[in-house]
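Enquirer: Sharing a structure with you now.
The values are calculated or read from the model by the stated rules, or taken from the named source; none is laboratory data. None of the values given here were measured: they were computed from a predicted structure. Every residue, glycine among them, receives a Cβ derived from its backbone with ideal geometry; neighbour counts consider all protein chains shown.
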Amino acid sequence: MEAPQLTTERLVLRPFASGVVAELHALFTDAHVRRWLLDDDVVSRAWVEGEIADSEARFSQVGCGLWSVSERSGTPIIGFVGYRPFFDPPELQLLYGLLPAFCGRGFATEAATTAVDYAFDVLHFDEVRAATDTPNQASVAVLERLGMSERRRTAEGGHGTVFFSVTAAEWQERRSRPLPVGGPRR
Ligand SMILES: CC(C)(COP(=O)(O)OP(=O)(O)OC[C@H]1O[C@@H](n2cnc3c(N)ncnc32)[C@H](O)[C@@H]1OP(=O)(O)O)[C@@H](O)C(=O)NCCC(=O)NCCS
């Protein structure tokens, strides 16, 4: 399956590609992005190249990898969203991140909504899952805005991990209501 570019009201999502290694490296080594996502590790350029290659392979094998996120008004990469395997046995998880200058505008929720739509509408997933470090409340808030439900908490990952998911049926119901971004949290 060819990796698709997706467009939202304000954003363009482009499948990770080798032409943007430097921009993605800057994104993943940003102090805000790496804090919880990467246990504050400063990843190498080779790690980013590996993520790009793995994402390309997932797009061709199962239809979903990682997308860079840019504003429709410009090409600089401001974040990422998509699916990547975690845990043992590996399980595809929704994940996202934004450079700090682009937080607080609903961009993560907007990009993640489109990634979830894609998983259900195009790939016919039964369920979309996500997990985040328990103290990463900004990430928990995104999952709650999306309408995902907390399923369990574990002590995994040093700080604890909270697991969320949404089923295809729940997402259908969720889509019938407007996205609560910009307004009070549910
Ligand atoms: C997690 C992360 C993506 C959240 O970013 P975010 O910008 O807070 O999330 P959203 O896109 O949902 O934006 C919501 C905020 O924008 C505000 N907002 C302002 N204008 C808005 C608009 N037009 N539409 C929507 N929301 C708007 C919302 O009120 C909310 O603000 P609040 O947090 O003060 O309540 C970000 O903190 C991040 O990149 N973290 C590092 C990477 C990471 O940990 N990722 C998670 C790993 S799974």
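Enquirer: Out of the range 141-170, which residues are exposed (fewer than 15 other Cβ atoms within 10 Å of the Cβ), under 19 Å from the mean Cα position of the chain (by Cα) and hydroxyl-bearing (Ser, Thr, Tyr)?
Expert: Ser149
Enquirer: Right, another one. Within the range 105-144, work out how many residues are more than 7 Å from the ligand (Cβ to nearest atom) and part of a helix (DSSP H, G or I).
Expert: Qualifying residue count, the range 105-144: 15.
Enquirer: If you don't mind, there's one more thing I want to ask. Scan the range 36-69 for residues that are surrounded by 14 or more Cβ atoms within 10 Å (Cβ to Cβ) and without any contact (Cβ under 8 Å) to a residue 60 or more places away in the chain and report the count.
Expert: Total meeting the criteria: 16.
Enquirer: Determine the pairs where a residue that is in contact (Cβ under 8 Å) with a residue 24 or more places away in the chain, located within the range 108-131, has a partner that is of a type in the set (S, T, N, Q) and more than 8 Å from the ligand (Cβ to nearest atom) with Cβ atoms under 6 Å apart, the partner being 6 or more residues away or on another chain.
Expert: Glu110/Thr8; Thr114/Thr8; Glu127/Ser165; Glu127/Thr167; Arg129/Ser165; Ala131/Thr161
Enquirer: Regarding the range 158-172, can at least one residue be identified that is out of contact with any Asp or Glu (no Cβ under 8 Å at 6 or more places or on another chain), within 10 Å of the ligand (Cβ to nearest atom), modelled with pLDDT of 95 or more and part of a helix (DSSP H, G or I)?
Expert: no
Enquirer: Can you tell me which of (1) modelled with pLDDT of 95 or more; (2) more than 20 Å from Val166 (Cβ to Cβ); (3) surrounded by fewer than 16 Cβ atoms within 10 Å (Cβ to Cβ) is the one Gly74 doesn't meet?
Expert: With respect to (1) modelled with pLDDT of 95 or more; (2) more than 20 Å from Val166 (Cβ to Cβ); (3) surrounded by fewer than 16 Cβ atoms within 10 Å (Cβ to Cβ), Gly74 is out only on (1).
Enquirer: Could you grab me the full set of residues in the range 116-141 that are in contact with a Cys (Cβ under 8 Å, 6 or more places away or on another chain) and either of a type in the set (Phe, Trp, Tyr) or over 19 Å from His32 (Cα atoms) (or both)?
Expert: Hits for the range 116-141 are Tyr118, Ala119, Leu123.
Enquirer: Then there is this: Which residue pairs have Cβ atoms closer than 6 Å, lie 6 or more positions apart in sequence or on different chains, and pair a first residue in the range 1-23 that is within 18 Å of Tyr96 (Cα to Cα) with a second residue that is of a type in the set (Ser, Thr, Tyr)?
Expert: Here the result reads Leu6/Thr114; Thr8/Thr114; Val12/Ser70; Arg14/Ser68; Phe16/Ser55, each pair linking the range 1-23 to a residue that is of a type in the set (Ser, Thr, Tyr).
Enquirer: Kindly indicate whether Arg10 is more than 16 Å from the chain's Cα centre (by Cα), modelled with pLDDT of 95 or more, surrounded by 13 or more Cβ atoms within 10 Å (Cβ to Cβ) and closer than 22 Å to Ala141 by Cβ.
Expert: yes
Enquirer: Still on this structure, I have one more. Consider Ser70 against the criteria (1) part of a loop (DSSP other than H, G, I, E, B); (2) within 16 Å of Glu23 (Cβ to Cβ): it satisfies all of them except one. Which criterion is unmet?
Expert: Result: Ser70 fails condition (1) only.
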